[in-house]
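The values are calculated or read from the model by the stated rules, or taken from the named source; none is laboratory data. These numbers were taken from a predicted model, which means no experiment stands behind them. Here the Cβ is made from the backbone with ideal geometry for all residues, glycine too, and neighbour counts use every protein chain on show. The accessibility values were calculated without ligands, DNA or RNA, using every heavy atom of the protein model including side chains. Shrake-Rupley method; radii C 1.70, N 1.55, O 1.52, S 1.80 Å.
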Amino acid sequence: IMELFDESISCIKEMNSWKLDNVLSNAVAVLNTNDFLIEFIKPLSNYIQDECSRGSIRYAQEKMSKLCIRTCLNNLYLKLRSSKENCPRLVVASLLSEHESLDTIMHLIIAQNVGWDITYIGNGVPHDEISYAATSVRAQLVVAINNSRDIARKIYEIKHIRDNAEKTEDIILIGSQCNDYKQLTTQLNINITSDLTSFRLTLERLYSLIR
């Protein structure tokens with residue numbers, strides 16, 4: 001993994017997108033899906049963001065690299081995408097004022113890999129529309145993405161989703177600010193996962209309970 005990581009950084013600094021695409025494709029081929037996302041892509045995207053903030057990686061290099069990573073993730077998601085007859089259903093959406101990020105696609109791939117039948121409705125979705133989508137597809141799980149520090153507003157939105165959910169419907173809150181909402185775990189009976197590993201473990205636990 002470290003060799004792939006170093007190769008990727010070298011490609012980014014050289015602004016060689018073709019070579020970076022190849023390195024990412026090789027990583028998909030030699031690593032299992034969880035290792036690819038958790039041990040390789042997530043640290044790589046964090047490194048790119050940190051180095052860009054420090055000024056050692058230019059904005060153009062960051063944009064190029066994230067586009068290559070996004071393309072690779074989209075291809076992997078489509079590769080794993082299949083009709084899952086009789087599998088538990090999951091709705092994924094970002095709350096209002098949220099933008100789709102690389103993390104969003106990584107969470108989708110992990111859910112797909114666990115075995116969930118995913119309905120992804122995008123970013124910046126009003127809470128009542130998330131509730132509507134969950135009811136329409138008879139979802140057993142709603143994953144809400146939140147990176148906002150507007151705690152009061154987001155608690156209201158999450159509470160609405162909880163109040164309108166079926167009793168058998170679980171909710172997972174993910175995102176960079178989700179630890180600020182820990183009090184909702186018992187108050188609203190929702191799950192909060194702060195990283196890809198805990199998200200995968202939570203999905204596996206819920207999947208086994210439903211199946």
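Please compute the Kirkwood hydrodynamic radius over the stretch 86-146, one decimal place, Å, based on all pairs of different Cα atoms.
Numbers: mean 1/r = 0.0871 Å⁻¹.
Taking every pair of different Cα atoms in the stretch 86-146, averaging 1/r and inverting gives 11.5 Å.
Determine the share of the stretch 87-167's accessible area contributed by carbon and sulfur atoms, expressed in whole percent, with a 1.4 angstrom probe.
On the way: 1640 of 3480 Å².
The value for the stretch 87-167 is 47 percent carbon and sulfur by accessible area.
What order do you get for 5-11, 52-58 when each peptide is scored by the mean count of other beta carbon atoms within 10 Å, highest first? Intermediate results must be reported in sequence, preceding the final value.
Details: 5-11: 17.3, 52-58: 12.4.
Ranking, from highest mean packing down: 5-11, 52-58.
Measure nothing but the geometry: give the 0 to 90° angle between the long axis through the Cα atoms of 151-163 and the longest principal axis through the Cα atoms of the chain, rounded to 10°.
Once rounded, the angle reads 60 degrees.
What spacing in nm lies between the two simple spin-label points modelled at Tyr59 and Thr185, each 7 Å away from Cα in the Cβ direction?
4.0
So what is the calculated 222 nm ellipticity per residue for the chain, using -39500 (n - 2.57) for each DSSP H run with n of 4 or more, over all residues, to the nearest 500 deg cm²/dmol?
Taken over the chain, the calculation gives -17500 deg cm²/dmol.
Give me the net charge of Tyr59's neighbourhood, meaning all other residues with Cβ under 15 Å from the Cβ of Tyr59; Lys, Arg count +1, Asp, Glu -1. Before the final figure, lay out the partial values.
Working: positive: Lys13, Arg54, Arg58, Lys63, Lys66; negative: Asp50, Glu51, Glu62.
Residues near Tyr59 contribute +2 overall.
Is the C-alpha gyration tensor of the stretch 32-165 telling us rounded, prolate or oblate? Criteria: a/c under 1.5 is rounded; beyond that, a/b larger than b/c is prolate, otherwise oblate.
Working: a/c = 2.66, a/b = 1.36, b/c = 1.96.
Cα axes put the stretch 32-165 in the oblate bin.
Answer rounded, prolate or oblate for the stretch 16-70, using the Cα gyration tensor with square roots of eigenvalues a ≥ b ≥ c: rounded when a/c is under 1.5, else prolate when a/b is larger than b/c, else oblate.
Working: a/c = 3.05, a/b = 1.53, b/c = 2.00.
Oblate shape, in that a/c is at least 1.5 and b/c is the bigger or equal ratio.
So if I place +1 on the C-beta of Lys and Arg and -1 on the C-beta of Asp and Glu, and nothing else carries charge, what would the dipole magnitude of the stretch 110-211 be about its Cα centre? I want it in debye, nearest 20. Before the final figure, lay out the partial values.
Working: 11 positive and 12 negative charges, 42 e Å.
The dipole of the stretch 110-211 has a size of about 200 debye.
In nm, what is the difference between 0.36 nm times the number of residues separating Thr135 and Ile210 and their Cα-Cα distance?
25.3 nm
Taking the solvent-accessible surface of protein heavy atoms with a 1.4 Å probe, what is the per residue accessible area of the chain in Å²?
Details: 10740 Å² over 211 residues.
On a per-residue basis, 51 Å².
What does the charge add up to near Lys19, with Lys and Arg as +1, Asp and Glu as -1, over the other residues with Cβ less than 12 Å from its Cβ? Could you put the intermediate results ahead of the total?
On the way: positive: Lys13; negative: Glu7, Glu14, Asp21.
Surrounding charge for Lys19 is -2.
Using only Cα atoms, find the angle between the long axis of helix 59-80 and the longest principal axis of the chain, and express it within 0 to 90 degrees, rounded to the nearest 10.
On a 0 to 90 degree scale, this one is about 60.
Assuming 0.36 nm per residue, please report the length gained on full extension of the stretch Lys79 to Asp6 beyond their Cα-Cα distance.
Values: separation 73, 0.36 × 73 = 26.28 nm, distance 2.60 nm.
23.7 nm is the gain from fully extending Lys79 to Asp6.
Taking Cα atoms, how many degrees apart are the long axis of helix 17-30 and the longest axis of the chain, rounded to 10 and kept between 0 and 90?
Taking Cα atoms only, the helix is inclined about 60 degrees.
What distance in nm separates the simple spin-label points at Asp128 and Gln177, each placed 7 Å from Cα in the Cβ direction?
According to this spin-label approximation, the distance is 2.3 nm.
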